[in-house]
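Asks: Before anything else, here's the structure in question.
The values are calculated or read from the model by the stated rules, or taken from the named source; none is laboratory data. None of the values given here were measured: they were computed from a predicted structure. Every residue, glycine as well, gets a Cβ built from its backbone with ideal geometry; the counts of neighbours run over all protein chains shown. Remember, those area values only see protein heavy atoms, side chains included, never the ligands or the DNA or RNA. Shrake-Rupley method; radii C 1.70, N 1.55, O 1.52, S 1.80 Å.
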Amino acid sequence: MKIALIGLSNSGKTTVFNALTGLDTETTIYPKISGEPHLGVVQVPDPEIDRLSEIYRPKKTTYAKIEYIDYIGLTKGDLKQNKKVFDLIKDVEAIVHVVRAFYDESIMNPMEGINPVRDIETVELELIFGDLELAEKRLERMEEGKKRGKKPDETEKRLLLKCRDFLMKETALRNVAFTEEEMKAMRPLPFLSTIPKVIVLNSGERDGDTEYAKTLESSLLNRYPTTNVLTLCGKIEMDISQFPEDEKEAFLNELGIAEPASNRLIQTCYQVLGLVSFITVGEDEVRAWTIRSNTNALTAAGKVHSDIERGFIRAEVISYKDFISSGCMHKAREKGLLRLEGKTYEVKDGDIINFMFNV
């Protein structure tokens, strides 16, 4: 899963990136307009995988992974500059929009004053304008092709006209109702405002900053009821991420923080994208596999290996909870908790699955 961090310059985006990845990427007090993207891959924390690894003691334990991408900040009204970011993030599964909610005179603010609502709307509009340019250019090419005798794809043309109409009304495409046929036609089109989004309010370290951000979070949830909003202090979370693992829990307890914000953000992204994980276990490997919710057993088998999907016979399935309560697979089988499921079985989050196949 790829997730892009976006935001206006000096919103603390790279600091949040460091907090999520444990990296130490340079942060600046002035806006950057060039440079190389920052990439960081992290394991998805999973207590179920931890426990199963303790039980099976496999040669290898494999967690689900997330790749975070961080690049230069967006600039209000500069579509040419912003296109550098758009070209990088067009294929990501989700966007994390980092919003400045902290006061720090030493860090330049390209926008006047701290105004998270304005900043959220500014970035949303830049995504919309980028999509509008895409729709108009594709429609122009269709017209040019028509003049040369090339018949346009009428399904795509109708879709582009519909998108253009909403974009001209400054409506993000994720807020537009599309038919199944339109959704299918939209898949190859790299629209940005269709990408699921999580807003992260980056609060400060001063007394009262967290309370201010939390109040703002409640206000935003009322204003944008379908949007996911999280509050964190990027600077503190970055410090947490760089603590040795054996010291991290004590530091969190000292700060009164239940868990790192990176964990909460991952959970939120899973919810936004409708993702679940199933598990395969054995002496060789205990592994988490990430799939969309409502995925059937046949498709899940293909996630493990195409041969398993091709030769699928059935799947032995037990929930993590039932396995732990039984103590072992043998006892689970005796209790009738280990089930045989067919191709159409809908895989649930936390299912432990053994695929039976023949090729």
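Asks: Work out how much length GLU143 to ASP209 would gain on full extension: take 0.36 nm times their residue separation and subtract the Cα-Cα distance, in nm to one decimal.
Replies: 18.4 nm
Asks: Something else: In a Gaussian network model over the chain where Cα atoms closer than 10 Å are linked, find which of PRO260, PRO116, PRO58 has the largest mean-square fluctuation.
Replies: Maximum fluctuation in the GNM of the chain, among the listed residues, is at PRO58.
Asks: Let me ask something else. Under 5 Å between amide H atoms, partner at least 5 residues away or on a different chain: which partners does LEU192 have, H built in plane at 1.01 Å?
Replies: Amide H neighbours of LEU192: ASP131.
Asks: Say a paramagnetic label sat at a point 7 Å from the Cα of TYR103, along Cα to Cβ; which residues of the stretch 203-243 have their backbone N under 20 Å from it?
Replies: It comes to 203-219, 232-236, nothing else.
Asks: Suppose R0 equals 56 Å. What FRET efficiency, 1/(1 + (r/R0)^6) with r the Cβ-Cβ distance, do ASN294 and ALA250 give to the nearest 0.05? Show your work: numbers first, answer last.
Replies: Working: r = 41 Å, r/R0 = 0.73.
About 0.85, to the nearest 0.05.
Asks: Keeping all protein chains in position, work out how much accessible area TYR103 exposes to a 1.4 Å probe, and write it in Å² to the nearest 10.
Replies: It works out to around 120 Å².
Asks: May I ask you to give the percent of accessible area on the chain that is carbon plus sulfur, with a probe radius of 1.4 Å?
Replies: 48
Asks: Still on this structure, I have one more. Gaussian network model of the chain, Cα springs within a sub-10 Å range: biggest mean-square fluctuation belongs to which of LEU127, LEU167, LEU189?
Replies: Fluctuation is largest for LEU189.
Asks: Which length gain, in nm to one decimal place, applies between LYS60 and GLU341 when the Cα-Cα distance is subtracted from 0.36 nm times their residue separation?
Replies: Computed gain between LYS60 and GLU341 is 98.5 nm.
Asks: So what's the net charge close to LYS157: Lys and Arg +1, Asp and Glu -1, counting the other residues with Cβ under 14 Å from its Cβ?
Replies: Once all neighbours under 14 Å are counted, the net charge is -1.
Asks: From Cα pairs below 8 angstrom and at least 6 apart in sequence, can you work out the relative contact order of the stretch 2-127, rounded to a whole percent?
Replies: Reported as a whole number, the value is 40 percent.
Asks: Could you sort ASP246, ASP119 by accessible area so the largest value comes first, with the probe set to 1.4 Å? Mind dumping the intermediate values first?
Replies: Values: ASP246 135, ASP119 15 Å².
If we order ASP246, ASP119 from most to least accessible, we get ASP246, ASP119.
Asks: Looking only at LEU298, LEU232, LEU255, which one moves most when the chain is put into a Gaussian network model with springs between Cα atoms under 10 Å?
Replies: Among LEU298, LEU232, LEU255, the largest GNM mean-square fluctuation belongs to LEU255.
Asks: Hey, what's the chain come to in accessible area per residue, 1.4 Å probe, Å²?
Replies: 53
Asks: Still on this structure: Lys and Arg at +1, Asp and Glu at -1: add these up for the other residues within a Cβ distance under 9 Å of ILE195 and post the number.
Replies: Within the 9 Å Cβ shell, the charges total +2.
Asks: In nanometres, what is the gap between the two model label sites at LEU88 and GLU180, each 7 Å from Cα along Cα-to-Cβ?
Replies: About 3.8 nm, to one decimal.
Asks: How much accessible area does ASP91 have with a 1.4 Å probe, in Å² rounded to the nearest 10?
Replies: 120
Asks: Of HIS38, HIS97, which has the most accessible area and how do the rest follow, probe 1.4 Å?
Replies: HIS38, HIS97
Asks: Let me make sure I get this right: for the stretch 232-359, a, b and c are the square roots of the gyration tensor eigenvalues over alpha carbons, sorted descending. Under 1.5 in a/c it's rounded, otherwise prolate if a/b > b/c, else oblate. Which is it?
Replies: prolate
Asks: Taking a 32 Å limit on the Cα-Cα distance, which of the listed pairs LYS83/LYS169; LYS59/LYS335; LYS2/LYS235; LYS90/LYS162 fall beyond it?
Replies: Checking Cα-Cα distances, every pair stays at or under 32 Å.
Asks: What's the magnitude of the charge dipole for the stretch 190-276 around its Cα centre, counting Lys and Arg as +1 and Asp and Glu as -1 at the beta-carbon? Answer in Debye, nearest 20.
Replies: The calculation lands at about 660 debye.
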